[in-house]
1. What FRET efficiency do you get for A:ASP253 and A:ASP140 if R0 is 35 Å and r is their Cβ-Cβ distance, rounded to the nearest 0.05?
2. Hey, quick one: spin label on A:ASP84, modelled 7 Å out along Cα-Cβ, who in the range A:8-52 has an amide N within reach, i.e. under 15 Å?
3. Which chymotrypsin sites (Phe, Trp or Tyr not before Pro) in the range A:19-69 pass both tests, a DSSP loop state and at most 13 other beta-carbon atoms within 10 Å?
4. Run the numbers for A:LYS106 and A:ASN47: contour at 0.36 nm per residue of separation, minus the present Cα-Cα distance, in nm.
5. Treat the count of other C-beta atoms within 10 Å as a stand-in for reagent exposure and order B:LYS103, A:LYS122 from fewest to most.
6. Quick one: 3J(HN,Hα) in Hz for the range A:133-142, Karplus 6.51/-1.76/1.60 with θ = phi - 60°, rounded, Gly and Pro as x.
7. What does the charge count around B:ASN35 come to, taking other residues whose C-beta lies under 15 Å from its C-beta (Lys +1, Arg +1, Asp -1, Glu -1)?
8. Spin-label point model (7 Å from Cα, Cβ direction): what's the B:ASN64 to A:LEU261 distance in nm?
Amino acid sequence: MAQTSSIHYEPVAEIGGGAYGTVYKARNTESGQFVALKSVRVQTDQNGLPISTVREVALLRRLEQFDHPNVVRLMDVCATQRSDQETKVTLVFEHVDQDLKTYLEKAPPAGLSQECIKDMMKQLLCGLVFLHSNCVIHRDLKPENILVTSQGQIKLADFGLARIYSLTLWYRPPEVLLQSSYASPVDVWSTGCIFAEMFRRNRCTNCVPSFPTCLSVIGLPSEEEWPSNVTLSRKTFRPVPPRPITEVVPEIDSQGVQLLLKMLTFDPFERISAVNALEHQYFKDEETATETTK
Amino acid sequence: LIMTLEDDLTTAAATGNAAAVEYLLETGAHVNGLNRFGRTALQVMMMGSLSVAQTLLKHGADPNVRDRSTGATPLHDAVRTGFVDTARLLIEFQADPNLRDNKNLRPIDIAKLGGHEEVFAFLETE
C-alpha cells in the first residue's frame, strides 16, 4: 500500500477536520485540477501500519475499481513515515466544487423542477445502493457531503476512513448490531430528509430537518413503536398527529409521497431499503414519461 | 499553529459558507489577504457557490489574482470546474478573460480542453 507518487499536490485551504485528521482542498499542480486531501495519522510499530488501516484503505481501493458514477473518485493513496511510531496516510479524492447545500441555495424561488428532483434522488439512491451492497454505511449523509458537478452529476463523499463497519463487525454483540445506528436504514432516513428538503421552497440556511421536524411529518410514534432501550423518553415530545405530508411538501406527487413515507418510517426494520427505494414506482413513472416523449 | 482571520475566511469560502464569509469580512478579515498557503478567498472558494463569489467580489476581491504555482486565475478555475454563472460574475467584476496561466492557456482554452461547451460558448462572446 505504501505507494510513492510523482504527482505533486499542493494544499490551498483547509476544508475540514476532526479527531481523525484534516481535510484540505489542494491542487494537482500538473493538471491544475483541484483534489481533496484527507490525512490520517496512525500509530505504527515494527509490523508497520495497523491491519485495520490497511483493510480500510483496501476496501476504498476495491470500491474505486467499480468506477461508480455516483461516488467520488479515490485518485491516490500516499503513506509517509513521520517517525518510528507514526505514519501519515493521505487519501487523494476527487474534489467537486459544489455541494447539494449550495446547489439548493441557487435554486429559483419556485423551487427545483419535479424532473430535476427525481433525477437527483435517483442518482443519490444509486450511489447509496452501491455503498450498501459493499457493506459501507455512510452514517452522515447530509447536503454538505452530497456533491453536485456543474453537469448535474451527484457524487457521494465522506464515506471515508473509520466508518467502514464490516471489518469490525465480528466482535460486536448482536444488540449493538441490531441497533439502527450500525445498519443501512440510517442512511435511508437521511436520504428521506434530503428528499423532503428538495421540495421545500424558500428555504433558509438555518432550517435543518431535525428529529422534531420529522416527527411533525410522521407524528409521534406510539408507546409500542418507541424503542425500549433508549435514554430519550417518548414523554419528552409533545404528542402530535402526523401532518398531511402534502402540507409539509406541497409540490410532491402521490408516488413521491408514498416513497417519502417509506423512507421516513420510524422503525428501522420496517423502513424501505435503498435498493427497494430505487425500484419504487416513483422512478418508474419517469421512464414511461420519457419513453412516450421520444 | 496560529489560525488567522484570513485562514478562517478562505475555509469559509472553500466550504461555500456565504454567511460566514460575510461575517468574517465584517469583523475585519481582509478580502485579499493570504491564508497560510498563500491564497486568497476568491482563489480557493467553492467555485459553484455564486453567493460566496458575490460576497467576496462586492467586498473588493481581486478577480485577476494568480495562483502562485500554476498562474491560474479564479476565472481559469471557474471554467475548469464548468460553472458558467460564476465565470459570468467574475467577468462582470472585471476578471480579464485573456490572462494566460503558466502553460500559456487562457480560460477559453481550458473550456475547450475540458469539454465545457456552455462555458466555451459564453467566453466566445466575451
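1. On the way: r = 29 Å, r/R0 = 0.84.
The pair A:ASP253/A:ASP140 has a calculated efficiency of 0.75.
2. Of the residues in the range A:8-52, A:44-48 have backbone N under 15 Å from the label point off A:ASP84.
3. Values: sites: A:TYR20, A:TYR24, A:PHE34, A:PHE66; in loops: A:TYR20, A:PHE66.
Passing sites in the range A:19-69 are A:PHE66.
4. Numbers: separation 59, 0.36 × 59 = 21.24 nm, distance 5.08 nm.
Length gained between A:LYS106 and A:ASN47: 16.2 nm.
5. Numbers: B:LYS103 12, A:LYS122 17.
Ranking B:LYS103, A:LYS122 by Cβ neighbours within 10 Å, fewest first, gives B:LYS103, A:LYS122.
6. 6, 9, 6, 10, 9, 6, 6, 9, 5, 7
7. Working: positive: A:LYS25, A:ARG27, B:ARG36, B:ARG39, B:ARG68; negative: A:GLU10, A:GLU14, B:GLU6, B:ASP7, B:ASP8, B:ASP62, B:ASP67.
For residues surrounding B:ASN35, the net value is -2.
8. 6.1 nm
Bear in mind these aren't lab numbers, they're just calculated from the coordinates by the rules spelled out. Because the structure is predicted, anything quoted here is derived from the model rather than measured. No Cβ is skipped: glycine too gets one built from the backbone with ideal geometry, and neighbour counts run over all protein chains shown.
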